[in-house]
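The values are calculated or read from the model by the stated rules, or taken from the named source; none is laboratory data. Values in this document were obtained by computation on a predicted structure and should not be read as measured data. No Cβ is skipped: glycine too gets one built from the backbone with ideal geometry, and neighbour counts run over all protein chains shown.
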Amino acid sequence: MDRPKERADAARNRQAILEATRKLLAEEGADAATMERIAAAAGVAKGTLFHRFGNRAGLLYELIAEGAVNLREAVTSGPPPLGPGAPAGERLLAYFDAMTRLVADDIELSVAYQALPPHPRREEFHAFWAAHIAALLREARPDLDADVVGGLLLAPLGGELVPYLVRAGQKDRLLEGVRQLVRSVLNQPARAPSAS
């Protein structure tokens, strides 16, 4: 659904708020990203935050939704292998690589968001990912229960190991582990990590 056109000052405030929130989350963690501190860092009144986003959950959802919408567009209409046109197995690997990066690149946002009560539109994204993964699995591995296996593949990205590895500076290890997991389901042999 398209949003109504924003006034220029409102758009600037929105961008300043989102950038301040990302910065606080990245530098100081989820607990530091209070509405008061975000407002101060963005140079806006606290009331502006509440008026614009409703509450902290609404603000964090807005940040999560930006990345999720971009990924959804890439999956539905972007170039292969993430978008249409590549074999299902390649698309599945590309999707999990992109989703893992989305979570890992903003790990403090992901952790903060998971701790909040579900946003009303949260299920919309989850249902889209589940359907996308299951469709690719049905094509690549028709012998599997695509809905269950797809859910099992996605579940670890919301678990405790992901923030642990990212905070320990092991994002590349996480990405390769997810690739190995998806390849194992696709019956593709794991490749040795490339020497950096």
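Observations, loosely collected:
- Neighbours by Cβ (under 7 Å, 6+ apart or cross-chain): first from region 23-50, at negative phi and touching a residue at least 40 places away in the same chain (Cβ under 8 Å); second surrounded by fewer than 15 Cβ atoms within 10 Å (Cβ to Cβ) and in a helix (DSSP H, G or I): none
- Elements of type helices (runs of 4 or more DSSP H) contained in region 99-196, each with 1 or more residues being more than 30 Å from residue 32 (Cα to Cα) and modelled with pLDDT of 95 or more: 122-140, 146-154, 171-185
- Members of region 33-55 found to be hydrophobic (A, V, I, L, M, F, W, C) and surrounded by 15 or more Cβ atoms within 10 Å (Cβ to Cβ), listed by number: 33, 35, 38, 39, 41, 42, 44, 49, 50, 53
- Which listed residue, of 67, 58, 85, is on the phi > 0 side of the Ramachandran plot and in contact with a helix residue (DSSP H, G or I) (Cβ under 9 Å, 6 or more places away or on another chain): 85
- Selected residue [more than 21 Å from residue 31 (Cα to Cα), over 10 Å from the mean Cα position of the chain (by Cα) and buried (at least 17 other Cβ atoms within 10 Å of the Cβ)] from 78, 83: 78
- Selection count where residues are among the small types (Gly, Ala, Ser) and within 30 Å of residue 92 (Cα to Cα), scope region 20-56: 1
- Any hit, region 22-29, residues being buried (at least 19 other Cβ atoms within 10 Å of the Cβ) and over 30 Å from residue 96 (Cβ atoms): no
- Output for region 56-73, where each listed residue is of a type outside the set (Phe, Trp, Tyr) and closer than 14 Å to residue 126 by Cα: 64, 65, 67, 68, 69, 71, 72
- Boolean, residue 58 is surrounded by 13 or more Cβ atoms within 10 Å (Cβ to Cβ) and under 29 Å from residue 132 (Cβ atoms): yes
- Remark: pairs (first residue in region 141-167, in the same structural domain as residue 129 (by TED's automatic domain parsing) and loosely packed, with under 15 Cβ neighbours inside 10 Å; second residue modelled with pLDDT of 95 or more and not in a loop (DSSP other than H, G, I, E, B); Cβ separation under 7 Å; 6+ apart in sequence or on different chains) = 147/134.
- Verdict on residue 96 being at pLDDT below 95, among the aromatic types (Phe, Trp, Tyr) and under 26 Å from residue 79 (Cα atoms): no
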